[in-house]
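Participant: There's a structure below that I have some questions on.
The values are calculated or read from the model by the stated rules, or taken from the named source; none is laboratory data. All values derive from a computational prediction rather than experimental measurement. So basically every Cβ, Gly included, is an ideal-geometry build from the backbone, and we count neighbours across all protein chains shown. To get the accessible areas, we keep the full protein, side chains included, count just its heavy atoms, and leave off ligands, DNA and RNA. Shrake-Rupley method; radii C 1.70, N 1.55, O 1.52, S 1.80 Å.
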Amino acid sequence: MDWLYDLKLLAVDVTGLEKDALHIYVGVIVLLASAWLFRWGLASFKGLLLVLAVALVNEFFDVRHNLEIEKQPYLLSSVHDIVNTMLLPTALVMLARWTGLFAKPETGSGDEA
């Protein structure tokens, strides 16, 4: 799976973003794409679970790569990456679930300002 590692390095080079920033963007993109593609609604934990699955698979391959190439698993770095990937999607799901921030506005109420 060196192609995956090479793809991530290419993403860093092309975007000019740090790896931490890419984790954040990927987490949000996976959450929003899953809500749109699967019609899950942003308040659903299904999208959040998909983000977690993507993060865990990514970190599995990172740990494997680090063990093969550098002979170190760097587990704390993987935990950091998972937290980075999950933090904003989790906040978005919680906001959608427990506030009206992402609710559809009611129409036809006659209360136009």
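Participant: Calculate how large, on average over all directions, the projected area of the Cα convex hull of segment 31-94 is; give the answer in nm² to one decimal. Before the final figure, lay out the partial values.
Facilitator: Working: hull surface 17.1 nm².
For segment 31-94, averaging the hull's shadow over all directions gives 4.3 nm².
Participant: Going 7 Å from the Cα of Leu37 along its beta-carbon direction, which residues of segment 8-29 have the amide nitrogen within less than 12 Å of the resulting point?
Facilitator: 29
Participant: Leaving out ligands and nucleic acids, and using a 1.4 Å probe, what accessible area per residue does the chain come to in Å²? Numbers along the way, then the final one.
Facilitator: Values: 7960 Å² over 113 residues.
Using a 1.4 Å probe on heavy atoms only, each residue of the chain averages 70 Å².
Participant: Considering Cα pairs under 8 angstrom that are at least six residues apart, work out the relative contact order of the chain and quote it in whole percent. Walk me through the numbers on the way to the answer.
Facilitator: Details: 91 pairs, mean separation 33.9, N = 113.
Contact order relative to length: 30 percent.
Participant: Let me ask something else about it. State, as an integer percentage, the relative contact order of segment 1-51 based on alpha-carbon contacts under 8 Å between residues 6 or more apart.
Facilitator: Working: 22 pairs, mean separation 13.0, N = 51.
It rounds to 25 percent for segment 1-51.
Participant: Then there's this: Of all accessible surface on the chain at a 1.4 Å probe, what whole percent is carbon and sulfur?
Facilitator: Reported share for carbon and sulfur atoms: 69 percent.
Participant: Can you order the peptides 74-87, 94-107, 11-24, 50-63 by their average number of other Cβ atoms within 10 Å per residue, highest first?
Facilitator: Details: 74-87: 15.5, 94-107: 10.2, 11-24: 13.1, 50-63: 17.1.
The packing order, highest mean first, is 50-63, 74-87, 11-24, 94-107.
Participant: Follow-up question, since we're still on this one. According to a simple spin-label model (label point 7 Å from Cα along Cα-to-Cβ), what is the distance in nm between Val14 and Ala53?
Facilitator: About 2.4 nm, to one decimal.
Participant: Could you give the length gained by full extension between Ala21 and Lys71, i.e. 0.36 nm per residue of separation minus their alpha carbon distance, to one decimal place?
Facilitator: 15.4 nm
Participant: Which chymotrypsin sites (Phe, Trp or Tyr not before Pro) in segment 11-42 pass both tests, a DSSP loop state and at most 13 other beta-carbon atoms within 10 Å?
Facilitator: Sites meeting the loop and neighbour criteria: Phe38.
Participant: Could you point to the label whose value was computed as log10 I(q)/I(0) by the Debye sum over Cα atoms at q = 0.09, 0.11, 0.18 Å⁻¹ for the structure here, given [x] -0.37, -0.50, -0.86; [y] -0.32, -0.45, -0.93; [z] -0.23, -0.34, -0.92?
Facilitator: Computed from the coordinates, log10 I(q)/I(0) by the Debye sum over Cα atoms at q = 0.09, 0.11, 0.18 Å⁻¹ corresponds to [y].
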